[in-house]
Amino acid sequence: EAQVTQNPRYLITVTGKKLTVTCSQNMNHEYMSWYRQDPGLGLRQIYYSMNVEVTDKGDVPEGYKVSRKEKRNFPLILESPSPNQTSLYFCASSLSVGQGTDTQYFGPGTRLTVL
Amino acid sequence: AQSVTQLDSHVSVSEGTPVLLRCNYSSSYSPSLFWYVQHPNKGLQLLLKYTSAATLVKGINGFEAEFKKSETSFHLTKPSAHMSDAAEYFCVVTVGSSGGSYIPTFGRGTSLIVHP
């Protein structure tokens, strides 16, 4: 089944404790991205990747890191989480970088709470 | 620069009545426009998209949207609401760049409530 998977689905952590949220897609998509969703704000892009070893900042990259060592995986790293990073996070992928016309396929989401 | 405005944060309808979710966009270049739906505790799923072909776009589950350049609008409609349509709906605009990268801009979402 074609899908985007994220782990963990739920995570409660404390300020400053490094964490990684994994994202994997099995559709051989070139483009992957991370979003955060906050009430009343919609989704905002954190980072995106156009291909292996090619990543770039989205709208809200502060406090986050990403890597793209393999085409299928795009982990999100919070090196020193803070309470303002409490949010619902989504990973998404699309077939190609194109001109922004491709459909994005979203993972199920990771609900992160930073105490 | 691009932006998108969903004009209603909540829309409430009765089952069997029409649905209208409004979206206006701003873009310096020819945009692609999308509607995604998010059911409770789920990821987002594409409903339909406009990518410079036909201006009236049909999507899944009976939804459709019309791209109106003169009004910079891309409103989502459905003739008859079903209880299973209750969800959050997001309008999204993207504009490609010469480098091949793009940052989608999401609206803040419209919560559709369907009453029996």
ask   = In sequence order, what are the phi-derived ³J(HN,Hα) couplings for the stretch A:22-28 according to the Karplus relation 6.51 cos²θ - 1.76 cosθ + 1.60 with θ = phi - 60°, rounded to whole Hz, with x for glycine and proline?
value = 8, 9, 9, 10, 10, 10, 6
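If you count, for every residue in B:103-110, the Cβ atoms of partner chains within 10 Å of its Cβ, what is the mean? If you can, show how the numbers build up before the last one.
Values: counts 9, 12, 5, 8, 2, 6, 6, 0.
Partner Cβ neighbours, averaged per residue: 6.
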note = Rounded to whole angstrom, the alpha-carbon centroid of the stretch B:28-61 lies from that of the stretch A:11-39 at a distance of 23 Å
task = Name the residues whose placed amide hydrogens come within less than 5 Å of the amide hydrogen of A:Thr86, ignoring near sequence neighbours (fewer than 5 apart) on the same chain.
result = A:Val114
ask   = What's the average, rounded to a whole number, of partner chain beta-carbon atoms within 10 Å of each residue's beta-carbon in A:37-45?
value = 5
key: Cβ-placed point charges (K, R +1; D, E -1), dipole of the protein assembly as shown about Cα centre in debye, nearest 20   = 400 debye
note = On complex formation of B with A, accessible surface lost, both sides summed, probe 1.4 Å, nearest 100 Å², amounts to 2000 Å²
key: Taking N as its residue count, the alpha carbon Rg of the stretch A:29-115 over 2.2 N^0.38 Å   = 1.05
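With only Lys, Arg, Asp and Glu charged, each at its Cβ (+1 for the first two, -1 for the last two), find how big the charge dipole of the stretch B:1-93 is about the Cα centre; round to the nearest 20 debye.
Values: 7 positive and 7 negative charges, 48 e Å.
Rounded to the nearest 20 debye, it is 240 debye.
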ask   = Where only protein heavy atoms count, and the probe is 1.4 Å, what is the accessible area per residue for the protein assembly as shown in Å²?
value = 47 Å²
ask   = According to the Cα gyration tensor, what semi-axes, each the square root of 5 times an eigenvalue, does the equivalent ellipsoid of chain B have, listed from largest to smallest in whole Å?
value = 25, 14, 12
inquiry  = Can you list the residues in the stretch B:25-57 whose accessible area drops by at least 50 Å² when all protein chains are present, compared with the chain alone? Use a 1.4 Å probe, heavy atoms only.
reply    = B:Tyr36, B:Leu44
key: Portion, in percent, of the accessible area of chain A that falls on carbon or sulfur, probe 1.4 Å   = 51 percent
request  = Putting +1 on Lys and Arg Cβ atoms and -1 on Asp and Glu Cβ atoms, find which of A:Val66, A:Asn28, A:Ser82 reaches farthest to the positive end of the dipole of chain A.
outcome  = A:Ser82
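Over all directions, average the projected area of the Cα convex hull of the protein assembly as shown and note it in nm². Let's see the in-between values first.
Numbers: hull surface 50.3 nm².
Computed as one quarter of the Cα hull surface, the answer is 12.6 nm².
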query = So what is the relative contact order for chain B, in percent, with contacts set as C-alpha pairs under 8 Å and at least six apart?
reply = 37 percent
request  = Quick one: compute the contact order of the stretch A:18-115, relative version, from alpha carbon pairs under 8 angstrom and 6+ residues apart, as a percent.
outcome  = 32 percent
For B:Ile113, distant residues with modelled amide H under 5 Å away = B:Val11, B:Ser12, B:Val13
query = Taking B:Lys49 as the anchor, which lysines have their alpha carbon closer than 16 Å to its alpha carbon, excluding any fewer than eight residues away along the same chain?
reply = B:Lys58, B:Lys68, B:Lys69, B:Lys78
Positive-end residue of B:Ser111, B:Val93, B:Thr5, charge dipole of chain B with Cβ unit charges = B:Val93
inquiry  = Treating only the Cβ of Lys, Arg, Asp and Glu as charged (+1, +1, -1, -1), what charge dipole size does the stretch A:1-88 show about its Cα centre? Round to the nearest 20 debye.
reply    = 220 debye
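The values are calculated or read from the model by the stated rules, or taken from the named source; none is laboratory data. Given the structure is predicted, the values throughout are model-derived calculations rather than measurements. When we count neighbours, we look across all protein chains shown, and the Cβ atoms used for this are built from the backbone with ideal geometry, even at glycine. Heavy atoms of the whole protein, side chains included, go into the accessibility calculation; ligands, DNA and RNA do not. Shrake-Rupley method; radii C 1.70, N 1.55, O 1.52, S 1.80 Å.
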